[in-house]
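The values are calculated or read from the model by the stated rules, or taken from the named source; none is laboratory data. The model shown is predicted, which means the values in this text are computed figures rather than measured ones. All Cβ positions, glycine included, derive from the backbone under ideal geometry; neighbour counts span all protein chains shown. Ligands, DNA and RNA are excluded from the accessible area calculation, which covers all protein heavy atoms including side chains. Shrake-Rupley method; radii C 1.70, N 1.55, O 1.52, S 1.80 Å.
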Protein chains: 4
Amino acid sequence: MPEFNEGLKKDYFGPAGRSSHREDTVIEINEVKVGGSDLAIIAGPCSVESREQILNIADEIKDTGACILRGGAFKPRTSPYNFQGLGEEGLRYLSEAGRASGLPVISEITGICQIDLFGDIDIIQVGARNMQNFELLKEVGRLGKPVLIKRGFSNTLRELLFAADYVMNEGNPNVILCERGIRTFETYTRNTLDLSAVPVLKKLTHLPVIVDPSHATGRSEFVEPMALAAVAAGADGIMIEVHDDPVHSVTDGRQAIDPEAFMRLVSRARAVRAALKEE
Amino acid sequence: MPEFNEGLKKDYFGPAGRSSHREDTVIEINEVKVGGSDLAIIAGPCSVESREQILNIADEIKDTGACILRGGAFKPRTSPYNFQGLGEEGLRYLSEAGRASGLPVISEITGICQIDLFGDIDIIQVGARNMQNFELLKEVGRLGKPVLIKRGFSNTLRELLFAADYVMNEGNPNVILCERGIRTFETYTRNTLDLSAVPVLKKLTHLPVIVDPSHATGRSEFVEPMALAAVAAGADGIMIEVHDDPVHSVTDGRQAIDPEAFMRLVSRARAVRAALKEE
Amino acid sequence: MPEFNEGLKKDYFGPAGRSSHREDTVIEINEVKVGGSDLAIIAGPCSVESREQILNIADEIKDTGACILRGGAFKPRTSPYNFQGLGEEGLRYLSEAGRASGLPVISEITGICQIDLFGDIDIIQVGARNMQNFELLKEVGRLGKPVLIKRGFSNTLRELLFAADYVMNEGNPNVILCERGIRTFETYTRNTLDLSAVPVLKKLTHLPVIVDPSHATGRSEFVEPMALAAVAAGADGIMIEVHDDPVHSVTDGRQAIDPEAFMRLVSRARAVRAALKEE
Amino acid sequence: MPEFNEGLKKDYFGPAGRSSHREDTVIEINEVKVGGSDLAIIAGPCSVESREQILNIADEIKDTGACILRGGAFKPRTSPYNFQGLGEEGLRYLSEAGRASGLPVISEITGICQIDLFGDIDIIQVGARNMQNFELLKEVGRLGKPVLIKRGFSNTLRELLFAADYVMNEGNPNVILCERGIRTFETYTRNTLDLSAVPVLKKLTHLPVIVDPSHATGRSEFVEPMALAAVAAGADGIMIEVHDDPVHSVTDGRQAIDPEAFMRLVSRARAVRAALKEE
């Protein structure tokens, strides 16, 4: 067995660390809370594809119990030859869908120059590929809006906390951390969802921790079991890709679930959460 | 995003594969079942340290709800300078504790030459380091007893199924698969528990799938959340290191939990399982 | 053995691919060539620490055979609590040292907003953490200057080629690729230098490929053997951290070598290159 | 950048460690030396396929400069459905080819029960999958013959040294270590050849260190550059798969090179070695 790693002995001492703030941070966006006793359920399509699409999905997931609407407008695509998102137009449709449904909205930013376009977006997402784009982290830190940081697919948890500190040191305490899978040798799933990150982070930091099983597994049939596992491990929320027509999704269709499957997932996720509260 | 891996398109076609056996395999050891509707809970110390120790622990965990007693006698130690287990004597104490408590027992075999000593052991464990010790797999396949195979810490799920086939091809259909963490760059936990293995394996194979969160995390405080996550992900069972005095455990003490923590874990694990059945 | 990966069957078809440009690209900066028959040797300190420091080092390495001077001014630091570089002032000192020594200079850019400050810098480096900062790649693509892209520490070679295409698609053909180590479970070295990347890239792309053994190993005593190995594997150049006083280096001192060790390294690297040409 | 790992601070103190034996160990097999000033070149087919095949290849590689003949008889195959080797018959043909050509021979053992069959084999190889098969290590340690241990594809260098100690503690000082690639996320090559292992091991241990680029890359076109890189990094030898008809090789044909390519490789490897000696 490998010799025991001493990592955990060292507490984390920056503003993201437990020693800076004993109580769990609860982030409020309108009436929605991330962190604390509620389970935050973020859902929506990978990409905003059209005004009609995002309005429809917002309607469907709201009824099912989502509390935050996600939708990508600026897509950081590995290949320059893939669909890059609707950009500014996508953000407009997303915020319209948010207002219509009453759900706060979240979208990913991929460059500082886009910041002015995010005025109507409630939570700014920094994606896995930009987790160590320190200039971007500092800039979104200055905005004062909640920021969700996804763990880079080969970043340690300590590095994720440093990323949070880059934001917090600009005066913004509203940071949400998100585990979304790391790179390993295993190829049955797109990435390896590192659920141990949940209890480790809950020990090291007071910030809310959510899990994205859709990007981690890359396959719709594994989204529900891994979402349930995330809740059982103690996650404060889950982020799920929902599409009204997954087969025709422009991006990442194989990992999206439809509204019906989403309804089942939410009901089961809440049952797990409730069972653990009672015990 | 990395391009989608085609792994899952290929079903697995050996005797371990779903196509060979549509129904889930349920393995019966005395009155205990692994697979099917019950949650199998395997518990006990990393190593059998003395007759008294294993008898005591067996008593305590039985009352709490464990259904199989584990205890190592031949320890595969990375370092030749560490405690190597009590060997034959350890197996004797373990089987005595099993008879006294009425629990079936499981212990790890590390070489073919030990096979005769395992006559009173109900389930033979092939550890992660021997998952590709093909001569050993074939030999235990000939015994006819249930065999639990732990995934090597850098083996793919496909390789784990091949290992199962090495056993099954000798005429032994009673194989249990166990996820126990893989090696990655992250060092806060000893290994990275790959819980996606659970739904992936449940799709590919009819064999029971259990999870060992103790070896995976290497830290007692993370054992319960990861055990609960395993159950929520659909595992057929969990394998937990329990020690009556973890601080003085001869091997792997930092990951063992005490009987009281184990009782809480079992109760919560069953609550999760029950919640998912109802929904 | 894992089943053979079909990756290489697929050629790479973007502008960075061999099929777009059969001959090896040679990039000329003043009289220095990267690619082709010469071995490009880039050297200098991790960070520009003072005007005097960079002037001194430039002098020393020039005599020893370096052809390009490196020096960081904007340092992408994992921890916000570490030295972040001299910024604009650092770039000024670096370009002064370049002019004084006659060596072209290279420095890392970490955000689009810095672009105007790089007017006197001959080669712009995009670091490992920004390899998938697509907005930055596009922006430096528009500059027309040579760009060196370091492979992200968990990016595949295919993703590195996509990053090159993000630059080339803006009309800039002068891209240099740099292998600098990937993340694995092994911890004796800071990262694992993936030297296979050299022959694989030379097969897939016409762009020059260089290797940075300093950041990969993180230890001065391993820099020379890995630099020699890189040359033997067919690299077009090497990038070496040289400091006149490694022990007092502000950043990454443990991996810097002193000018004397650098002289020996250069002489041996050239001997390897020459030996392979003759055979 | 990840915080520096303290691994190297700890010297390795077992019999494999430098502190136990200051001078480099040189292992003599007949008149061949592994370790010291000569470059040991081990070559031959992945599997012994027939008497004629191994006799032919032995002849060809001997003329080209190989000093040890390899050939697998007991093949540890991930899949039980692949060719498993000629077994005892294969060992007989191999030792006949060794006597005919005057080359010492090496072959892999996969189980203790085979030990009696290895009487005429000069060097016993323990493969990557058995690096932590401690019972096997101890048993071959008792034989007194030279043992070559391949690093497991996810084992640390420290674990490799522990494996050596398992052999040495039985009274056998003649251990050769072999780096053959580790598992990472990169899939262009079968494994990632970790050449940093060479200088790290040369620092930690007095045992000879050789490199197998054939299994590491899994592709014949990358074998030569990585073999040259291994020599430049300071390896004491290389192990190369040579087949007289790679396309029709029964196992691993895509990584085997033909005798002509092997001749070129040997000539260039010796040129690199010579160049480094002179400098």
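Counting only residues that are open to solvent by 10 Å² or more (accessible area, probe 1.4 Å) and not β-branched (V, I, T), region B:104-113 holds 2 of them. In region A:192-200, the count of residues that are under 18 Å from A:V34 (Cβ atoms), in a loop (DSSP other than H, G, I, E, B) and within 16 Å of the chain's Cα centre (by Cα) is zero.
So which residues in region B:123-140 are of a type in the set (D, E, K, R) and either assigned to a loop (DSSP other than H, G, I, E, B) or surrounded by 24 or more Cβ atoms within 10 Å (Cβ to Cβ) (or both), if there are any at all? Scanning region B:123-140 gives a single hit, B:R129. Could you say which residue among C:S154, C:S107 is hydroxyl-bearing (S, T, Y), within 14 Å of chain A (Cβ to nearest Cβ) and in contact with a strand residue (DSSP E or B) (Cβ under 9 Å, 6 or more places away or on another chain)? The conditions single out C:S154. With A:R77, A:R70, A:R51, A:R99 as the choices, which residue is of a type outside the set (S, T, N, Q), under 24 Å from A:R254 (Cα atoms) and more than 18 Å from the chain's Cα centre (by Cα)? Exactly one residue qualifies, and that residue is A:R51. Within region D:161-189, being in contact with a Lys or Arg (Cβ under 8 Å, 6 or more places away or on another chain), facing chain B (nearest Cβ under 10 Å) and aliphatic (A, V, I, L, M) holds for D:V167, D:I182. Restricting the first member to region D:227-254 and to residues that are free of Cβ contacts under 8 Å to residues at least 40 places away in the same chain, and the second to residues that are acidic (D, E), the beta-carbon pairs closer than 6 Å and six or more apart or on different chains are D:P246/D:D258. Scoring A:T217 on the criteria (1) farther than 22 Å from B:R273 by Cα; (2) open to solvent by 10 Å² or more (accessible area, probe 1.4 Å); (3) within 7 Å of chain B (Cβ to nearest Cβ) leaves a single failure, condition (2).
Check whether at least one residue in region D:166-174 is of a type in the set (S, T, N, Q), at pLDDT 95 or above and under 17 Å from the mean Cα position of the chain (by Cα), and report yes or no. Scanning region D:166-174 turns up at least one residue that is of a type in the set (S, T, N, Q), at pLDDT 95 or above and under 17 Å from the mean Cα position of the chain (by Cα). Screening the candidates B:A100, B:A164 for the property of being of a type in the set (G, A, S) and either in a strand (DSSP E or B) or surrounded by 24 or more Cβ atoms within 10 Å (Cβ to Cβ) (or both) yields one hit, B:A164.
Just one of the listed residues (D:D116, D:D120) is open to solvent by 50 Å² or more (accessible area, probe 1.4 Å), over 15 Å from B:E135 (Cα atoms) and in a loop (DSSP other than H, G, I, E, B), namely D:D120.
All told, B:L91 meets the bar of being in a helix (DSSP H, G or I), within 18 Å of the chain's Cα centre (by Cα) and farther than 23 Å from B:P213 by Cβ.
Yes or no, residue by residue, for (1) of a type in the set (A, V, I, L, M); (2) farther than 20 Å from D:A229 by Cβ:
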| site | (1), (2) |
| --- | --- |
| C:L148 | yes, yes |
| C:N172 | no, yes |
| C:C178 | no, no |
| C:R190 | no, no |
| C:I210 | yes, no |
| C:S214 | no, no |
| C:G234 | no, no |
| C:S249 | no, yes |
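C:T205 meets all of the listed conditions (1) among the hydroxyl-bearing types (S, T, Y); (2) touching a His at 6+ places or on another chain (Cβ under 9 Å); (3) free of Cβ contacts under 8 Å to residues at least 60 places away in the same chain but one, namely (3). When restricted to residues that are farther than 21 Å from D:I121 by Cα, in contact with a strand residue (DSSP E or B) (Cβ under 9 Å, 6 or more places away or on another chain) and in contact (Cβ under 8 Å) with a residue 24 or more places away in the chain, region D:167-187 contains 5.
Every condition in (1) among the hydrophobic types (A, V, I, L, M, F, W, C); (2) assigned to a helix (DSSP H, G or I); (3) open to solvent by 10 Å² or more (accessible area, probe 1.4 Å) holds for D:A230 except the one numbered (3). Condition check: within 13 Å of chain D (Cβ to nearest Cβ), within 24 Å of B:T25 (Cα to Cα) and hydrophobic (A, V, I, L, M, F, W, C). Does B:V209 satisfy that? Taking the combined requirement at face value, the residue does not satisfy it. Among the numbered conditions (1) at pLDDT 95 or above; (2) out of contact with any helix residue (DSSP H, G or I) (no Cβ under 7 Å at 6 or more places or on another chain), the only one that B:E3 does not meet is (1). Screening the candidates C:E52, C:E89, C:E108, C:E96 for the property of being within 21 Å of C:K150 (Cα to Cα), of a type in the set (D, E) and without any contact (Cβ under 8 Å) to a residue 60 or more places away in the chain yields one hit, C:E108. Taking the criterion of being at pLDDT below 95 and in a strand (DSSP E or B), no residue of region D:233-256 qualifies. Determine, yes or no, whether A:L143 is in a helix (DSSP H, G or I), within 23 Å of A:E28 (Cα to Cα) and either open to solvent by less than 10 Å² (accessible area, probe 1.4 Å) or more than 10 Å from chain C (Cβ to nearest Cβ) (or both). Against the criterion (in a helix (DSSP H, G or I), within 23 Å of A:E28 (Cα to Cα) and either open to solvent by less than 10 Å² (accessible area, probe 1.4 Å) or more than 10 Å from chain C (Cβ to nearest Cβ) (or both)), A:L143 does not qualify. Residues of region D:227-264 that are under 30 Å from D:Q84 (Cβ atoms), in contact with a strand residue (DSSP E or B) (Cβ under 8 Å, 6 or more places away or on another chain) and within 10 Å of chain C (Cβ to nearest Cβ): D:A227, D:A230, D:T251, D:D252, D:Q255.
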